[in-house]
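Shown next, in structure tokens, is the structure this report addresses.
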Amino acid sequence: MLNYKLEKNRPFIISGPCSAESEKQVIRTANAIKPIVDVFRAGLWKPRTKPNNFEGVGEKGLNWLNKVQSKLGIKVCTEVATPKHVDICLKSNIDMLWIGARTTVNPFYVEEIAQALKGHDIPILIKNPTHPDINLWIGAFERLKKHGVNNLVAVHRGFYNDTSSTFRNEPRWEKIIKFRKANPEIPIICDPSHISGNSKYVKDISQIAMDLDLDGLMIESHYDPKTALSDRKQQISPKNLIDIVKGLTLRSPELNDDNISSQLQSFRLDIDNYDMKILELLMHREDIIKQIADLKHLNGITVFQLKRWFEILDTRKKKGETLDLDENFVYEIFEIIHKYSILKQTKILQNLDNN
Ligand code: PEP
Ligand code: MN
């Protein structure tokens with residue numbers, strides 16, 4: 001899969017509905033997306049946040065997936081969350097399985113699934129855990145490998161975020177870059193549907209995934225998204241899927257052109273320069289912090305001053321706006337700067353108290 005994009009000039013595509021709902025829905029969707037997919041997806045057992053929602057059709061959907069294989073000649077995959085799911089999917093000759101985000105979080109579940117897969121070479125997709133713990137994700141790969149399951153693919157579906165955000169799950173692209181650096185041999189598929197939570201962002205997220213040189217996309221599609229029984233807002237129509245995949249711009253990770261290479265080099269030198277300046281400014285800022293700590297110590301004042309914190313946020317936010325900088329970007333930078341300033345002052349005060 002790692003060279004797939006170069007060979008086919010498009011990413012590896014897994015698509016299909018969030019859930020298999022009926023034989024008609026499965027066959028109609030699979031038939032409509034056939035020209036653009038490598039593997040058809042449909043969840044049979046759905047992990048829902050609350051009970052009494054549609055929890056999937058279960059085992060009977062396997063038969064519909066088998067029809068997609070035999071009548072349409074498309075490979076199929078579904079989610080497994082228990083050893084029993086694994087056993088019946090293996091018996092039904094499902095081509096690929098995925099472990100969902102709510103299962104990857106639990107090493108006991110992953111271990112049980114790994115044991116059930118022992119001795120089989122079916123490809124397994126492992127979605128990132130819901131929270132941004134890359135080691136837990138990597139641990140799931142290690143558990144499967146320990147049981148001889150080596151045909152593994154990572155699926156990036158974003159990370160849970162309890163603050164209001166544009167996306168259902170934060171992409172945290174930096175985590176994915178880290179994952180790739182630590183495991184260059186593992187293909188990574190992006191799931192823009194669960195990241196976006198809304199069909200209108202699927203295209204842009206897919207393009208970012210391509211720009212970061214990820215290997216494929218898992219996109220939820222439904223022949224009639226507005227009637228979907230789960231994840232209705234994020235599913236896209238077959239036509240939309242085909243347009244999105246055909247409209248992707250694939251850029252080369254290699255620089256073959258000397259002219260572009262030297263331009264990029266020059267931009268990178270500018271960036272290096274600015275980064276060094278930022279570090280020097282932070283050093284000067286830290287000098288002042290030391291003097292503030294001394295003053296607070298002499299006068300018995302607390303390190304953390306709520307009023308000052310709000311003032312910092314407010315003035316930096318306003319300045320950021322005039323400079324056309326993203327509001328969250330500015331907020332997060334000053335949150336970190338302020339956090340370390342408080343830590344530094346606390347350390348200095350403790351040292352002064354002890355002397
Ligand atoms: C899904 O793919 O439909 C699904 C439930 O995904 P996740 O585990 O990423 O939430
Ligand atoms: Mn879904």
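The values are calculated or read from the model by the stated rules, or taken from the named source; none is laboratory data. Here the structure is a predicted model, which means the values were calculated and not measured. Cβ: placed from backbone, ideal geometry, glycine included. Neighbour counts: every protein chain shown. Only protein heavy atoms, including side chains, enter the accessible area calculation; ligands, DNA and RNA are left aside. Shrake-Rupley method; radii C 1.70, N 1.55, O 1.52, S 1.80 Å.
Just add up the charged neighbours of Gly320: K/R +1, D/E -1, any other residue whose Cβ is under 12 Å from the Cβ of Gly320. With Lys, Arg at +1 and Asp, Glu at -1, the net is -2. Give the lysines whose C-alpha is closer than 20 Å to that of Lys71, dropping any in the same chain fewer than 8 places away, or say none. Excluding near neighbours in sequence, the set is Lys24, Lys34, Lys60, Lys91. Largest GNM mean-square fluctuation among Arg268, Arg168, Arg251, using the chain with Cα springs under 10 Å: Arg268. Between His131 and Leu281, the modelled labels are 3.4 nm apart [label points 7 Å from Cα along Cα→Cβ]. Here the extension length gained between Ser165 and Asn355 equals 63.7 nm, from 0.36 nm per residue of separation less the Cα-Cα distance. When you restrict to C-alpha pairs under 8 Å that are six or more residues apart and normalise by the size of the chain, the relative contact order lands at 14 percent.
Here the Karplus relation 6.51 cos²θ - 1.76 cosθ + 1.60, evaluated at θ = phi - 60°, turns the backbone of the stretch 249-264 into coupling constants of 9, 9, 9, 7, x, 8, 9, 9, 9, 4, 5, 5, 4, 6, 5, 4 Hz, with x for every Gly and Pro. The stretch 33-104 and the stretch 289-355 have their alpha-carbon centroids 51 Å apart.
Which FRET efficiency, nearest 0.05, do Arg232 and Gln305 yield, Cβ-Cβ r, R0 45 Å? The pair Arg232/Gln305 has a calculated efficiency of 0.40.
Pull out a ≥ b ≥ c, the square roots of the eigenvalues of the alpha-carbon gyration tensor of the chain, then state rounded if a/c is under 1.5, prolate if not and a/b is larger than b/c, and oblate in the remaining case.
prolate
The label-point distance for Asp314 and Leu212, in a model that sets each label 7 Å from Cα toward Cβ, rounds to 3.6 nm.
Taking only protein heavy atoms and a 1.4 Å probe, the accessible area of the chain is 52% carbon and sulfur.
Full-extension gain between Arg102 and Lys8, please, as 0.36 nm times their residue separation minus the C-alpha to C-alpha distance. Could the numbers behind the result be given before it?
Working: separation 94, 0.36 × 94 = 33.84 nm, distance 3.26 nm.
Length gained, Arg102 through Lys8: 30.6 nm.
Placing unit charges on the Cβ atoms only, positive for Lys and Arg and negative for Asp and Glu, gives the stretch 258-354 a dipole magnitude near 560 debye about its Cα centre. The 3J(HN,Hα) values that the Karplus relation (6.51, -1.76, 1.60; θ = phi - 60°) gives for the stretch 45-59 are, in residue order, 10, 9, x, 9, 4, 10, x, 6, 9, 4, 9, x, 8, x, 3 Hz. Gly and Pro appear as x. Extension gain, Ile88-Lys24: 0.36 nm per intervening residue step, less the Cα-Cα distance, totals 20.8 nm. Legend: residues Phe108, Phe329, Phe141, sorted from most to least accessible area (1.4 Å probe; ligands, DNA and RNA excluded), read Phe108, Phe329, Phe141.
According to the square roots a ≥ b ≥ c of the eigenvalues of the Cα gyration tensor, what is the shape class of the stretch 258-354, taking rounded for a/c under 1.5, prolate for a/b larger than b/c otherwise, and oblate for the remainder?
It is oblate, given that a/c is not under 1.5 and a/b is not larger than b/c.
Normalised per residue, the accessible area of the stretch 1-81 is 46 Å², obtained with a 1.4 Å probe and no contribution from ligands, DNA or RNA. Calculated accessible area for the stretch 135-239 comes out at 43 Å² per residue, all protein chains present (probe 1.4 Å; ligands, DNA, RNA ignored).
Name the GluC sites (Glu not before Pro) in the stretch 222-288 that are in a loop by DSSP and that have at most 11 other C-beta atoms within 10 Å, would you?
Answer by residue number: Glu254.
In order along the stretch 119-136, phi translates into HN-Hα couplings of x, 10, 10, 4, x, 10, 9, 10, 6, 5, x, 4, 9, x, 10, 5, 5, 5 Hz, rounded to whole numbers, per the Karplus curve 6.51 cos²θ - 1.76 cosθ + 1.60 with θ = phi - 60° and x for Gly and Pro. Accessible surface calculations at 1.4 Å, restricted to protein heavy atoms, place the stretch 258-354 at 82 Å² per residue. Secondary-structure-derived ellipticity at 222 nm for the chain, considering helices only, amounts to -17000 deg cm²/dmol, per-run term -39500 (n - 2.57) for DSSP H runs with n ≥ 4.
Taking every alpha-carbon pair under 8 Å whose residues sit at least 6 apart, the stretch 113-214 reaches a relative contact order of 24 percent. Scan the stretch 17-97 for chymotrypsin sites (Phe, Trp or Tyr not before Pro) in coil per DSSP, keeping those whose Cβ has at most 15 other Cβ atoms within 10 Å, and list them by number. Taking the stretch 17-97 and a limit of 15 other Cβ atoms within 10 Å, the loop chymotrypsin sites (Phe, Trp or Tyr not before Pro) found are Phe54.
Exceedance of the 27 Å cut-off in Cα-Cα distance is limited, within the set Lys178/Lys347; Lys8/Lys181; Lys277/Lys319; Lys5/Lys277; Lys233/Lys317, to Lys178/Lys347; Lys5/Lys277; Lys233/Lys317.
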